[in-house]
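Colleague: Structure incoming, see below.
The values are calculated or read from the model by the stated rules, or taken from the named source; none is laboratory data. Since the model is a prediction, treat every value here as computed from it, not as a measurement. Quick reminder, even Gly has a Cβ in these numbers, built from the backbone with ideal geometry, and neighbours come from all protein chains shown.
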Amino acid sequence: MKLKKTYSYALWSAIYLTLLSVAISIISYFVISKHLGIVTILISSLILFIISFFIIQYRAEHFIYRRLKKLYQEVSILNVNDLKRESATTDIEKLSKSMQKFVEGKRLEIESLTERDSFRRDFLGNVAHELKTPLFTVQGYILTLIEGAINDKQIRMKYLERANKGVERLVAVIKDLDMIAKLENEGTKLNIEVFNILELIQNVFDLFEMKAKKRNITLVFDKTHEFPVFVRGDIEKIEQVLINLIVNSIKYGKPNGKTIVSVDDYSEKKFIVKVVDNGEGIKKEHISRLFERFYRVDQSRSREQGGSGLGLSIVKHIVEAHDENILLKSVYGEGSEFSFTLEKAR
């Protein structure tokens, strides 16, 4: 019958100690027979104690090390090269903490891989959906024209215009996908310079003035600035941030409303740029996920408004590449405030 591992360990330890005791007893007998004295007995006992201690310690460490090594070899997620002999010890509490730390690290690693895999699947599904909708729309209009509608001038122009809108949406999705891929894979290469943030905001206002007028939305500063406000950053990328935030405020703001942009002191070394609208606002359950790629608060309404669903994700990447913060405040039914910090020019 096979002995338990602990019994085998105890058996061999007992054999070693017995042999040692016999050897010391024999030596002590001959020494005592020649030199008779209590000192010799005490010395012999001390030698026995010291040698026994090291034997037990060595045997315990060796026993634990071999068992742990086998455990590492049997568990596929554990690497036997990570196990050091000196870490095998009779201090079970220390060993337990070491194992807990290792297992926790592996658990977090597995969770991270699982999360990435889930994110990858969601991302691919979203990309396929975003591309599929405008593609099928364009295909439908073109097939209708091919089947004879092209001969009707009025229908022909209407369908061509709708097909063109579908193509424009496809182009927007692909451009934003290309941009966010570059931001994530290659890193954001910044061309830092000093520029007037007020002038840049006014340029964006001018660029989307007609788009805002179609919805009777006014683009304004919160106050009149007597002097320029100089900041440090990549002017082209900060312009992209402002474009995305202001276009969103136009899309989702209430007709006859306002988009108010302000630049204020945030700290001794930073300004904060705020883009505030009086639109419908965002419910609390959506706020934490709003900067995720393709995340939409209202799927049907968002697609009616167009866009790639990547705008806020791009904003977040650009702002964080500047080592700055992107902030969001929103009250459902009242409006939203998107803001980001920028370094003051020295």
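Colleague: Of the residues Glu193, Glu239, Glu199, which single one is touching a residue at least 12 places away in the same chain (Cβ under 8 Å), under 28 Å from Glu292 (Cα atoms), of a type in the set (Asp, Glu) and surrounded by fewer than 20 Cβ atoms within 10 Å (Cβ to Cβ)?
Modeller: That would be Glu239, the only listed residue that is touching a residue at least 12 places away in the same chain (Cβ under 8 Å), under 28 Å from Glu292 (Cα atoms), of a type in the set (Asp, Glu) and surrounded by fewer than 20 Cβ atoms within 10 Å (Cβ to Cβ).
Colleague: Still on this structure, I have one more. Exactly one of these conditions fails for Glu280: (1) more than 25 Å from Ile180 (Cβ to Cβ); (2) surrounded by fewer than 17 Cβ atoms within 10 Å (Cβ to Cβ). Give me its number.
Modeller: Failed condition: (2).
Colleague: Same structure again: Consider Val173 carefully, then state whether it is over 22 Å from Gly233 (Cβ atoms), touching a residue at least 40 places away in the same chain (Cβ under 8 Å) and in a helix (DSSP H, G or I).
Modeller: yes
Colleague: I've got another one for you. Mind telling me which of the residues Glu184, Glu199 ends up being at pLDDT below 85, of a type in the set (Asp, Glu) and part of a helix (DSSP H, G or I)?
Modeller: Glu184
Colleague: Give the number of residues within segment 134-164 that are modelled with pLDDT under 80 and surrounded by 15 or more Cβ atoms within 10 Å (Cβ to Cβ).
Modeller: 2
Colleague: Output the residues belonging to segment 172-231 that are among the aromatic types (Phe, Trp, Tyr) and farther than 17 Å from Ser249 by Cβ.
Modeller: Passing the criteria: Phe195, Phe227, Phe230.
Colleague: For segment 320-344, which residues satisfy the criterion of being farther than 25 Å from Gly253 by Cβ and either touching a residue at least 24 places away in the same chain (Cβ under 8 Å) or among the basic types (Lys, Arg) (or both)?
Modeller: Ala321, His322, Glu343, Lys344 - these are the residues of segment 320-344 that are farther than 25 Å from Gly253 by Cβ and either touching a residue at least 24 places away in the same chain (Cβ under 8 Å) or among the basic types (Lys, Arg) (or both).
Colleague: So, one more: Tyr252: in the same structural domain as Leu328 (by TED's automatic domain parsing), over 27 Å from the mean Cα position of the chain (by Cα) and either free of Cβ contacts under 8 Å to residues at least 40 places away in the same chain or surrounded by fewer than 23 Cβ atoms within 10 Å (Cβ to Cβ) (or both), yes or no?
Modeller: yes
Colleague: Out of all the residues in segment 336-346, which are surrounded by 20 or more Cβ atoms within 10 Å (Cβ to Cβ) and either at pLDDT below 90 or farther than 19 Å from Asp277 by Cα (or both)?
Modeller: Across segment 336-346, the qualifying residue is only Leu342.
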